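Computed from the coordinates by the stated procedures, all read-outs in this text should not be read as laboratory data. Only a predicted model underlies this, so the values are computations on that prediction, with no experimental measurement involved. All Cβ positions, even for glycine, are placed from backbone atoms using ideal geometry, and neighbour counts span all protein chains on display.
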Amino acid sequence: MRLFLRILCVTFLGCFSLSKSIAQTCPTGYIATSLNWDNLDFLVQDPTYISASKAQNQYFAFGTNKLRITHNYEITKTLGETLEHTADVNSNATGSDIGFTGDGTITISFQAEVRNVKFSLYDIDYRQKVTVTAINGTLPQNVGISKISGTLLAIAGHNTTSASATASAIAVDNSAHATVNVEITAPVTNITISITATDIKNGNPKEDGTFYLSDIYACVNTNDFPINYYSVSKPFTNQPGYIL
């Protein structure tokens with residue numbers, strides 16, 4: 001029984017592990033956590049089982065916090081989690097991403113404020129523009145946005161309350177030139193990603209305006225962890241702190 005509980009605990013905690021080693025420094029009283037698309041399903045609208053309202057409003061456990069993703073993309077414009085994009089060298093994540101096609105708005109909301117948010121956006125190209133803003137409550141916060149390489153993307157508003165990247169041309173499939181890293185060090189409760197000016201490259205079916213959102217990393221407040229246990233859930237000596 002004790003061996004089973006240890007195995008179960010390791011499996012459960014693994015759901016919250018980082019998908020890659022990133023430089024994630026957290027202030028005192030905070031701990032790093034992530035939303036890892038390798039371990040999660042991002043629901044896509046289905047006429048039988050999943051309504052548009054459910055697909056466009058999804059909640060995820062985020063350490064001791066709760067994260068909500070809302071968007072206004074239709075069923076044909078939402079890819080769900082995918083391994084289609086693979087050019088993640090020097091980006092803020094690896095593995096699966098979630099894909100969307102065309103213009104729209106994605107909002108990431110946290111139940112309680114988090115710090116040091118990091119994620120990447122991939123395959124922004126052929127005239128597409130992405131603008132990222134963030135607030136803590138109602139207070140606008142500065143957003144850092146940077147490209148990986150190349151001259152395809154024009155960066156504007158880095159470390160301001162409205163940071164953007166605009167593509168000047170089409171990138172080859174899985175090019176790092178079409179990637180931006182987003183980092184917000186200040187405390188935030190809401191992040192908005194707006195995609196505009198999407199164009200389609202005629203005669204090139206690969207360039208249909210699709211882009212990808214990576215795993216999401218942040219520091220959450222450790223004060224939210226409970227200090228009391230029911231006896232059935234109390235860890236054995238030297239066990240990790242939580243079991244399912």
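See the values below:
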{"read-out": "Gain on full stretching of the segment that runs from Ser168 to Leu40 - 0.36 nm per residue minus C-alpha separation", "value": "42.7 nm"}
{"read-out": "Residues with amide H under 5 Å from that of Ala169, placed H, sequence gap 5 or more", "value": "Tyr126, Arg127"}
{"read-out": "Other-chain or far-sequence residues with amide H under 5 Å of Thr210's (modelled H)", "value": "Gly102"}
{"read-out": "Cβ charges +1 (Lys, Arg) and -1 (Asp, Glu), total dipole of the stretch 78-218, debye", "value": "400"}
{"read-out": "Chain lengthening between Ile200 and Ile31 when straightened (0.36 nm per residue, less Cα-Cα)", "value": "56.7 nm"}
{"read-out": "R0 of 41 Å, Cβ-Cβ distance Asp103-Ala61: FRET efficiency to nearest 0.05", "value": "0.85"}
{"read-out": "Long pairs among Lys118/Lys147; Lys54/Lys77; Lys66/Lys147; Lys77/Lys129, criterion Cα-Cα beyond 23 Å", "value": "Lys66/Lys147"}
{"read-out": "Formal net charge of residues neighbouring Val130 (Cβ-Cβ distance under 15 Å; K, R +1; D, E -1)", "value": "-3"}
{"read-out": "Positive-pole candidate from His85, Ala156, Val117, dipole of the stretch 71-160, charges at beta carbon", "value": "Ala156"}
